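**Student:** Can you read through this structure? Questions will come right after.
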Amino acid sequence: MTDKTFGISTAISYPNGAPHIGHAYEVIATDAIARFKRLDGYDVLFSTGTDEHGLKIQQAATRAGTSPRAYVDGTAAPFRAMADRLDCAYDRFIRTTEAEHYAAAQALWRRMEANGDIYLAKYAGWYSVRDEAYYDEAETVLTPDGSRRSAKTDTPVEWMEEENFLFRLSAYQDRLLALYAEQPDFLGPDTRMNEVASFVRGGLNDLSISRTTFDWGVPVPGHPGHVMYVWVDALTNYLTVTGFPDEADARRRFWPMDLHVIGKDIVRFHAVYWPAFLMSAGLPLPKRVFGHGFLLSKGEKMSKSLGNVVDPLDLVETYGVDPVRYFVLREVPFGGDGNYSHDGIINRINADLANDLGNLAQRSLSMVAKNCGAAVPEPGAFTAADRALLDAAAALPAKARAAMDVPAPHTALAEIWAVVAEANRYFAGEEPWKLRKTDPARMSTVLYVTLETLRLVGILVQPFVPGAAAKLLDLLGVAGERRRLADAGEGGRLVPGTALPAPAPIFPRFEKPEAPAA
Ligand code: ME8
């Protein structure tokens, strides 16, 4: 086993409705990063799951006329099924209602309490159930009908007063600012870091971390009647999946995690509260938090009233898993917001997948099948043009690795597709179909160079489009155990004479169904 470990997580989703395209986007992107690390020889733990406590879930269960537990047992399953359908190879799907998680959350609580950071006090403030967060009055706005809403998230807030436990967040201001100054990579993209640092510089209030007005949560140890504030419990999921608090658990090697992938709306919880809880508990901090942007439908937020909510499973049904994965990863600069539309998806499928990569593979492999005895052709001496393409392909692993470390999957894909474009220019310029008669030896060399470039592309696209990549590598005769990033170099080159299977399309064009006759 390798000693290079990599722990990575998505946020855990609230199962108070069906999973939507934003949830799909996050798990796809995280899966691509996790798969890339595995490809690069890391021992990876990739966790995802559902955040099942809190007032929002309890209210949804009441509306559905059932108990919270029965409710989440029904609504969590589709989140897991979606991750499976999207070909996301997570190692652990955590549900915060599991006994293992209760033990972890209570252990974290005890450590913060032992450190003197938890005290009982009366707390009052404006609470947003939808955000599961308290806001200062200054962070709310009065609406014309006399009700209040959060200025930031535009969700309704209500006045709540309870005697509950507070966490001494105010004591962590200096340590948090020192963290941001000393480890500027702790949070990305940089714009998010600037926002969070200026929020913390503005001063921190102590945080209410228990509830007594409802009981759907992890019980506060030693204090019957109190359940933990859902965010304390939710954030702890990242420790639970690494076996905390059991020191002897083999999964502890994944703590601290290397990367928490989350959406931009929950950066404050992950970059302010979470490191403060961990500092209080005397535990190491995650190495990096990255806040991705939102997926918007033609520039608008998805909402039921606008009627533009897209079910990710419908997209997969229409376009296929790999095209949907490719689209969201290539189209949206990771960290910024992105738009999706049917035309956008179809353009990407037809231009990048079907034309650029699919056609090149189909044309070169068909020529090999017909003219080279259905085996990897024997190359002659390489020309400058051959070497230029092979060198461009050989430079890809380092470029992709640098991009995925950001993480910037869109950049990794752009680099890979730049080589695909170069291979297309090479293939068109060398005209191997003409060489068949005039110079068959040169034709073999051109086809070899093309196939070898496709081999590198095939290895590199595995994290993004795993199904299609496997097909391509099968067609190139690359053995299952020679598909790691370490095999991309010259040592892994295609061996002339290796028998190849009959060519088959990897990325079919998407044809719009004909409008039904009137
Ligand atoms: O926030 N585009 O759960 P959640 C992209 N339970 N990402 C989106 C999105 C969109 N349109 N909408 C939501 C929670 N997300 C908490 C997290 S973690 C300890 C607890 C992202 O179901 C969102 O930013 O509301 C978050 O990262 C994830 O989906 C789950 O959102």
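What follows is calculated from the coordinates using simple rules that are stated; it is not laboratory data. Only a predicted model underlies this, so the values are computations on that prediction, with no experimental measurement involved. Cβ placement follows ideal geometry from the backbone for every residue including glycine, while neighbour counts extend to all protein chains displayed.
**Student:** Could you please rank HIS410, HIS342, placing first whichever residue has the fewest other Cβ atoms within 10 Å of its Cβ?
**Tutor:** Sorted ascending by nearby Cβ count, the order is HIS342, HIS410.
**Student:** Based on alpha-carbon centroids, what's the gap between the stretch 91-112 and the stretch 441-518 in Å, whole number please?
**Tutor:** 43 Å
**Student:** Here is a follow-up. Determine, for ARG325, ARG85, the number of other Cβ atoms within 10 Å of each Cβ, and report the residues in order from fewest to most.
**Tutor:** Final ranking by Cβ density, sparse to dense: ARG85, ARG325.
**Student:** Okay, next question. Counting only DSSP beta bridges with both residues in the chain, tell me the antiparallel percent, nearest 5.
**Tutor:** 50 percent
**Student:** Something else: Can you list the aspartates and glutamates whose alpha carbon sits under 14 Å from that of LYS399, skipping same-chain ones fewer than 8 residues off?
**Tutor:** Filter leaves ASP40, ASP391, GLU415.
**Student:** While we're on this one: Can you tell me which lysines have their Cα less than 17 Å from the Cα of LYS370? Leave out same-chain residues fewer than eight positions away.
**Tutor:** Hits, sequence-local ones excluded: LYS434, LYS437.
**Student:** Pull up all non-local amide H partners of LEU45: gap of 5 or more, or a different chain, and H-to-H distance under 5 Å with H placed in the peptide plane.
**Tutor:** So LEU45 has HN proximity to PHE6, GLY7, ILE8.
**Student:** Still on this structure: Would you pull out the residues with amide H under 5 Å of ALA375's amide H, same chain only if 5 or more places away, H placed 1.01 Å from N?
**Tutor:** Counting only residues 5 or more places away or on other chains, the set is LEU500.
**Student:** Mind pulling the angle between the C-alpha long axis of helix 396-405 and the longest principal axis of the chain? Nearest 10 degrees, somewhere in 0 to 90.
**Tutor:** So the inclination is approximately 10 degrees.
**Student:** Once every DSSP H run of n ≥ 4 in the chain is given -39500 (n - 2.57) and the sum is divided by its residues, what mean residue ellipticity at 222 nm do you get, rounded to the nearest 500 deg cm²/dmol?
**Tutor:** -13000 deg cm²/dmol
**Student:** Against the longest alpha carbon principal axis of the chain, how many degrees, from 0 to 90 and to the nearest 10, is the axis of helix 384-394 turned?
**Tutor:** So the helix axis and the longest Cα principal axis differ by about 20 degrees.
**Student:** In the structure displayed, which of LYS122/LYS264; LYS4/LYS37; LYS37/LYS264; LYS152/LYS301; LYS152/LYS264 lie more than 19 Å apart, Cα to Cα?
**Tutor:** Beyond 19 Å between Cα atoms: LYS122/LYS264; LYS37/LYS264.
**Student:** Would you pull out the residues with amide H under 5 Å of VAL289's amide H, same chain only if 5 or more places away, H placed 1.01 Å from N?
**Tutor:** Sorted by chain and number, the residues that satisfy this are LEU187, GLY188, HIS260.
**Student:** Once you have a ≥ b ≥ c as the square roots of the Cα gyration tensor eigenvalues for the stretch 354-499, tell me rounded if a/c is under 1.5, and otherwise prolate or oblate according to whether a/b is larger than b/c.
**Tutor:** prolate
**Student:** Could you please rank LEU472, LEU169, placing first whichever residue has the fewest other Cβ atoms within 10 Å of its Cβ?
**Tutor:** LEU169, LEU472
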